[in-house]
Structures are given as structure tokens and as C-alpha cells.
Amino acid sequence: MEWIVLVLIGVVAAMFGSIVGLGGGIIIVPAVIYIAPSLIGQPVDHATAVGISLTVLIVTALASTLSYAKRKIVDFRTAMLFFITSGPAAIIGSAITGYLKAGTFQLVFGLFMLLMAGLLIARDYMKPFNKKWPVVRTITDATGKEHTYSYGVVPALAIGFGVGLISGLFGIGGGSLFVPLMVLLFSFPPHIATATSMFVIFLSSILGSGMHVVLGEINWLLVLALAPGAWIGGKLGAMIALRMSGKWLLWLLRITLLVLAAQLIIEGIRAM
């Protein structure tokens, strides 16, 4: 029964993550910290929770990327540009995680989740930044529809580093920052931003989780329990994202983030 619950957590986290390009770690990390101990009979420290999340994110992001790639909406060239800085930054973030005290981690993570909820709410009301950037990209999807947008190399590298650092530090994948910034700053079509974000998450998660493996901050039993659900959820999320607006799921995710953020902030303050 315990393992079924963990598989379902993997499905739900990955499904949400794939739909909005988050990666699912923002659900997996709190779930591993607060729910997994009652299922496996032992506590899970925050560094191990982040390591587990990043490892499972590899599965989620790969499943989503393959689904999006069939629709030809993954901008691989732009993704590799983001990865130039997000990959190394993910390693740095992963190395720092273990040095944070539990209370500090919970408080900072809670505040970060609160910020992400605010970004997800605000992006419905914010207008894209109308600027013609020097690098212009045109993507033709599987239906033959063309999508044109532009970006700057230096801003893209800066965003990649910041997102990679946060991804490695909290084990969340980084899509919660990537997608809003790509849509608002560079005028990416939402579906292409989500799809491209998932590929960057896939690459960055490999490096970030590798650091946690080296540091011994992985519980492989939990990874094996969450991974099958993550694969299924990643596929389901990509399918849903391509067939509907997903607005009601976005609002559910926003409410979930607010609730989890409040719990983490309270726990963090108590532990300090």
C-alpha cells in the first residue's frame, strides 16, 4: 500500500509538472519530507529529498520531452543555450543544499514556493515584454503552424544560471521560473516554452542528481517507487497540455503551492 501511494505521488507531481513545465519537484520534495517517512518508517533529510527529486525529474522530463518532440514543439537549439549555464549552476546548487540547516531550507523553500505561486498567478495578467531581440527563432510544429519569437544570448545565459542554481538547490527542475520568463520576456508561445523547459530540466537534472549521488544523498528505494509514476505522469501531463488550456489545473497548482508554502514557512520558523 505504501508503495502504491508513492507511485501515485510520482504520477500527480509529474503530471502537474509536465503541464506547466515545472518538472514536478516542487511537489515531490515536500511529499518526500512529510509523507514518505510515515510510509517507509524513517525520516528523510532535505538534502536527500532534493537528490531524490532531481533523480526522478530525469524520468519525468524525458517522458515529457519525448511526447513534446513528436509534436515538434521543443526548441532544442535554444534549450542547449540555456543549458550552457543551467547545467553547471545545477551542480553548484546541489552541492550547497547539504550545508543548509533543515529550518533554513524549509523557510527559504517555502518563501520560494510563495514566489512561484505569485508568478503563476501574475503571468495571467502580465503582458509580454515587447522587444525585438537579436536572435530570432521560427519553429514549425507537427501541424505545420509556424511560431516566431526572439531572445538575447546574454539574458538567456543569465536566466539559465539563475534557474539552474535554484533547480539544484531545491530539486524543483526550474521550469517554474523558465516558463514565465520565456513567455513574458522573450514572447515564447506557452506550449513551446513548456516543452523547451522540460528538455532543459532533463539535462540539468542529470548533472544535479549526479552531484547528490556523489555526496551519497539519494534513497534509491524511494527513487524506484516514484520513477514509474513519474514516467506515466510525464506522458499524461504532456498529453493534457496539448489538448487543453489547463487553466483549472494551473489554479489547483497555485492553491497547492500556497498551502505547501505556508506549511514550510511555519515549520521553518519553528525549527530555527
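Every number in this text was worked out from the coordinates using simple rules, so none of it is lab data. All of these numbers come straight from a predicted model, not from anything done at the bench. Neighbour counts are summed over all protein chains in view; Cβ atoms, including those assigned to glycine, are modelled from backbone coordinates with ideal geometry.
Structural remarks
- For the cross-link pairs Lys101/Lys235; Lys70/Lys131; Lys72/Lys132, the ones whose C-alpha atoms lie over 28 Å apart are Lys101/Lys235; Lys70/Lys131.
- Residues Val163, Val200, sorted so that the one with the fewest Cβ neighbours within 10 Å comes first: Val163, Val200
- Screening the chain for whole DSSP H helices with an alpha carbon extent of at least 18 angstrom along the helix axis and a mean Kyte-Doolittle hydropathy of at least 0.5 yields 2-20, 46-70, 76-97, 102-122, 153-170, 190-214, 220-243, 247-271.
- Estimated FRET transfer efficiency when R0 is 35 angstrom, pair Tyr125-Ile84 (beta carbons, to 0.05): 0.65
- Residue separation of Ile269 and Lys72 scaled by 0.36 nm, minus their Cα-Cα distance, works out to 66.3 nm of gained length.
- Listed from fewest to most Cβ neighbours within 10 Å, the set Arg77, Arg254, Arg243 follows the order Arg243, Arg77, Arg254.
- One chain, two ends: Val214 and Arg243. Fully extended at 0.36 nm per residue, the span grows by 6.4 nm beyond their Cα-Cα distance.
- As a proxy for reagent exposure, Ile91, Ile269 were ordered by neighbouring Cβ count within 10 angstrom, fewest first; the result is Ile269, Ile91.
- Charge sum, other residues only, whose C-beta stays under 10 Å from Phe186's C-beta, Lys/Arg counted +1 and Asp/Glu -1: +2
- Across the range 2-271, counting alpha-carbon atoms alone, Rg and Dmax equal 17.2, 55 Å.
- Once the Cβ-Cβ distance of Leu157 and Lys101 is raised to the sixth power relative to R0 = 41 Å, the FRET efficiency obtained is 0.85.
- Additional length obtainable on full extension of the chain from Arg137 to Tyr34, 0.36 nm per residue less Cα span: 32.8 nm
- Only helices enter this figure: runs of n ≥ 4 DSSP H residues, each worth -39500 (n - 2.57), summed and divided by the residues of the chain, yield -26000 deg cm²/dmol at 222 nm to the nearest 500.
- Other residues with beta-carbon under 13 Å from the beta-carbon of Val108 carry, at +1 per Lys or Arg and -1 per Asp or Glu, a net charge of 0.
- Cα-based shape type of the range 94-142, given that a ≥ b ≥ c are square roots of the gyration tensor eigenvalues and the cut on a/c is 1.5: prolate
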